[in-house]
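Only one structure is covered here, and it is reproduced in the block below.
The values are calculated or read from the model by the stated rules, or taken from the named source; none is laboratory data. Predicted model, so just to flag it, every value in this text is computed and none were measured. Neighbour counts run over all protein chains shown; Cβ positions are idealised from the backbone, glycine included.
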């Protein structure tokens, strides 16, 4: 089954609706320059009303390690999504089982550093020199396919009800990450589009013969690992 992550949640109402609609994971953006930024205090309140089986992911962009750790613990989140230029050494400061590393490949040469990243999964997003995600642009699917050959893959970048079936057919991702494609405005979800895209994904799941990889396993989450992280940056 292709796992579904809906990102850019900013309210209890939207988060509850998305979780009840069948999403496997929700994403909360802690990047202050994003129009979908949400304060830790708000996320903490949201998380406490969500089902435990729905994975909660914190999205950070080039943030200080201690800040990431503090926010993850305070908000009781499961996964760390690093959506900036974080190095392999930076990633090794957290348990591999909780790290989702976003990459923005434009050509084959951009995949040369892939093996250096210790992460639970690699997320492929569209490159934009100004904005690290949430642009509505389509990522390089042909490069995502190459990543999927060796790593668990989350496909992101401009996914919406109009292109999700083609994306699943061409890339066969283990999970999809959807943000602007199901919004009314940045940070506010369009409930009709949320239901539509989840229904399309579930109806097409059985059409593809692929190994099932569970990325968003909350029993492996950050707050289930206690202080099992590496203290020194390598």
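Considering region 151-181, the residues that are assigned to a loop (DSSP other than H, G, I, E, B) and out of contact with any strand residue (DSSP E or B) (no Cβ under 6 Å at 6 or more places or on another chain) include one that is surrounded by the fewest Cβ atoms within 10 Å (Cβ to Cβ), namely 162.
Within region 204-234, the only residue that satisfies the criterion of being modelled with pLDDT under 70 and not in a loop (DSSP other than H, G, I, E, B) is 224.
The residue of region 1-16 that is surrounded by the fewest Cβ atoms within 10 Å (Cβ to Cβ), among those that are in contact with a helix residue (DSSP H, G or I) (Cβ under 6 Å, 6 or more places away or on another chain) and under 15 Å from residue 190 (Cα atoms), is 12.
Quick grid of which residues meet (1) surrounded by fewer than 19 Cβ atoms within 10 Å (Cβ to Cβ); (2) touching a strand residue (DSSP E or B) at 6+ places or on another chain (Cβ under 7 Å); (3) over 18 Å from residue 153 (Cα atoms):
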position: 19; (1), (2), (3): no, yes, yes
position: 24; (1), (2), (3): no, yes, no
position: 30; (1), (2), (3): no, yes, yes
position: 62; (1), (2), (3): yes, no, yes
position: 76; (1), (2), (3): yes, no, yes
position: 81; (1), (2), (3): no, yes, no
position: 87; (1), (2), (3): yes, no, yes
position: 104; (1), (2), (3): no, no, no
position: 107; (1), (2), (3): yes, no, no
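Taking first residues from region 1-22 that are without any contact (Cβ under 8 Å) to a residue 40 or more places away in the chain and partners that are in a helix (DSSP H, G or I) and surrounded by 16 or more Cβ atoms within 10 Å (Cβ to Cβ), the Cβ contacts under 6 Å between residues at least 6 apart in sequence or on separate chains come to 12/46; 15/46.
If the condition is being surrounded by 15 or more Cβ atoms within 10 Å (Cβ to Cβ) and over 18 Å from residue 142 (Cα atoms), then region 109-119 contributes 117, 118, 119. Find the residue count for region 182-203, including only residues that are surrounded by 19 or more Cβ atoms within 10 Å (Cβ to Cβ) and either modelled with pLDDT under 95 or out of contact with any helix residue (DSSP H, G or I) (no Cβ under 7 Å at 6 or more places or on another chain) (or both). Counting residues in region 182-203 that are surrounded by 19 or more Cβ atoms within 10 Å (Cβ to Cβ) and either modelled with pLDDT under 95 or out of contact with any helix residue (DSSP H, G or I) (no Cβ under 7 Å at 6 or more places or on another chain) (or both) gives 3. In the list 42, 49, which residue meets the criterion of being part of a helix (DSSP H, G or I), over 24 Å from residue 121 (Cβ atoms) and free of Cβ contacts under 8 Å to residues at least 40 places away in the same chain? Going through 42, 49 in turn, just one is part of a helix (DSSP H, G or I), over 24 Å from residue 121 (Cβ atoms) and free of Cβ contacts under 8 Å to residues at least 40 places away in the same chain: 42. Got at least one residue in region 120-139 being over 20 Å from residue 3 (Cβ atoms), touching a strand residue (DSSP E or B) at 6+ places or on another chain (Cβ under 9 Å) and at pLDDT 95 or above? Scanning region 120-139, I find no residue that is over 20 Å from residue 3 (Cβ atoms), touching a strand residue (DSSP E or B) at 6+ places or on another chain (Cβ under 9 Å) and at pLDDT 95 or above, so the answer is no. Considered as a group, the residues in region 183-196 that are in contact (Cβ under 8 Å) with a residue 60 or more places away in the chain and assigned to a helix (DSSP H, G or I) include one that is farthest from residue 9 (Cα to Cα), and that residue is 195.
The single residue among 85, 62 that is over 20 Å from residue 175 (Cβ atoms), assigned to a loop (DSSP other than H, G, I, E, B) and without any contact (Cβ under 8 Å) to a residue 24 or more places away in the chain turns out to be 85.
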